[in-house]
Amino acid sequence: MGNKIRLYTIVALLLGLGILLGGTDPVQAQSDVVVDHVRVGHDFGEQIRFRAQVQSSNPIKKVSVLFRDLREKNTRVEAMTQDGDDFLYVYDATQNLLPPFAELTILFQVELENGESFTSKRYSYTYSDNRFTWQTRDEGNLRVHWSQGDETFGQAALDATRNGLTKIQEFFPADISEPLDIYIYASPTDLQNALFKGGESWVAGHADPALGIVFVSIAPGTQEQVYMHQQIPHELAHVLLFRYVGDGYERLPTWLQEGIASLAELYPNADYGLALDRARDQHTLIPIAQLCTPFSRDASQAFLSYAESASFTRYLLDTYGTSQLDTLIRTYADGVACEAGTQQVYGQSLVYLDARWQEAVLGANLLGVALRATAPYLIIMAIFLAYPLVQFFAPKKRA
């Protein structure tokens with residue numbers, strides 16, 4: 001009896017193994033397809049070339065390349081054409097823009113005439129700005145790249161990065177477990193062309209938080225360290241703030257994003273004070289509530305917005321402390337509305353804090369600030385009250 005049970009067990013195991021092996025037949029059939037000699041090349045801002053050799057024992061119906069920037073939700077699927085021994089696809093980067101140093105993930109899909117399909121392993125590729133030859137200097141996960149200047153220039157930039165990191169850690173925990181790359185362009189024009197922001201001539205720096213990349217424009221010269229101490233920590237703060245709060249970064253008011261980045265600067269912009277004084281005297285200060293959303297693209301308005309954000313955030317830090325500022329960051333990251341965030345953390349409305357900041361820092365007249373802030377509401381109230389008052393005082397018609 002025991003021998004029969006063992007026999008049945010062996011037969012069952014063999015049948016199960018046969019089923020498993022039978023289940024692998026389609027994979028075995030697809031193993032005849034080989035995708036190799038994969039090559040990707042590009043001319044930044046112009047084109048990306050995808051090449052691969054494909055071999056199959058069955059006739060090939062179609063070969064496609066599938067690729068996307070890692071931050072994109074949608075994958076591009078493009079048919080490749082036969083080019084000698086290769087299959088080729090050329091992507092037009094002049095019309096379909098990709099950011100500099102985007103990380104591409106790439107697959108090749110092969111469809112056979114018999115209806116089977118095969119997908120290759122995944123490849124990755126960095127869409128670098130290869131218009132320039134980059135020099136690199138690194139320290140742990142901090143990596144500085146520059147296109148003009150000597151080793152002294154590169155070391156100064158690395159020092160500014162390290163010192164900026166130390167300053168940022170005064171305000172919130174900074175995660176440097178992943179690489180941080182700083183690319184230094186020699187002119188604002190070079191940077192703007194890389195970012196496809198040719199119409200915004202005032203742009204001198206940019207951060208790509210998801211990629212962990214900072215872009216700045218600094219020319220070698222007598223002012224290089226001043227600009228390094230301003231631009232590099234500022235943009236670095238955006239990347240590290242993104243890492244600190246994750247997807248909540250997009251929920252932070254713009255004034256807070258830029259205000260914290262300005263606090264990180266090792267050499268504050270002296271022109272901010274002049275812009276604030278002029279706007280105060282001319283009564284053209286922008287209400288902080290209007291800076292909750294992205295700043296104006298107009299150069300002068302944008303500059304004033306940055307100046308106000310820096311000064312207002314500094315006021316909150318000096319008045320309420322680092323711990324409360326950190327709480328404010330996390331409160332906004334959780335999705336609390338712009339004007340409700342300060343009420344929840346500081347117990348004061350954003351309008352009230354705006355007025356107190358103007359009085360304490362800019363020396364503005366508090367009553368005048370309050371009247372300007374409430375003027376729209378007073379006008380609306382006056383309109384609602386006007387009609388009843390007119391009716392009340394209007395002469396009564398005799399019956």
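No value in this document is a laboratory result; all are computed from the given coordinates. What you see is a predicted model, and the numbers here were worked out from it, not measured in a lab. Note that we place each Cβ from the backbone using ideal geometry, even for glycine, and neighbour counts take in every protein chain shown.
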Approximate spin-label separation residue 135-residue 83, in nm, with each point projected 7 Å along Cα-to-Cβ
3.5 nm
Give, in nm to one decimal, the length gained when the segment between residue 250 and residue 352 is fully stretched (0.36 nm per residue of separation minus the Cα-Cα distance).
34.3 nm
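Between residue 223 and residue 170, what is the FRET efficiency for a Förster distance of 25 Å, r being their Cβ-Cβ separation, to the nearest 0.05?
On the way: r = 26 Å, r/R0 = 1.03.
Taking R0 as 25 Å, the efficiency between residue 223 and residue 170 is 0.45.
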Quick check on the exposure proxy: order 206, 37, 234 from fewest to most C-beta atoms within 10 angstrom.
37, 206, 234
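Quick check: residue separation of residue 278 and residue 74 times 0.36 nm, minus the Cα distance between them. What number comes out in nm?
68.7 nm
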In the range 136-190, the GluC sites (Glu not before Pro) that fall in loop regions by DSSP, at most 16 other Cβ within 10 Å:
170
Among 56, 262, rank each residue by its count of other Cβ atoms within 10 Å, from fewest to most, as a rough exposure measure.
56, 262
Scoring only Lys, Arg, Asp and Glu (+1, +1, -1, -1) among other residues with Cβ under 10 Å from the Cβ of residue 71 yields -2
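Would you tally the net charge around residue 237, using a Cβ to Cβ cut-off of less than 10 Å, leaving residue 237 out, and scoring K and R as +1, D and E as -1? Intermediate values should be presented prior to the final figure.
Working: positive: 167; negative: 235, 258, 265.
Here the count lands on -2.
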Taking the Cα centre as origin and putting +1 on Lys and Arg beta-carbons and -1 on Asp and Glu beta-carbons, what dipole magnitude results for the range 19-163, to the nearest 20 debye?
320 debye
Quick one: net charge of residue 182's neighbours, Cβ under 13 Å, K/R +1, D/E -1?
-3
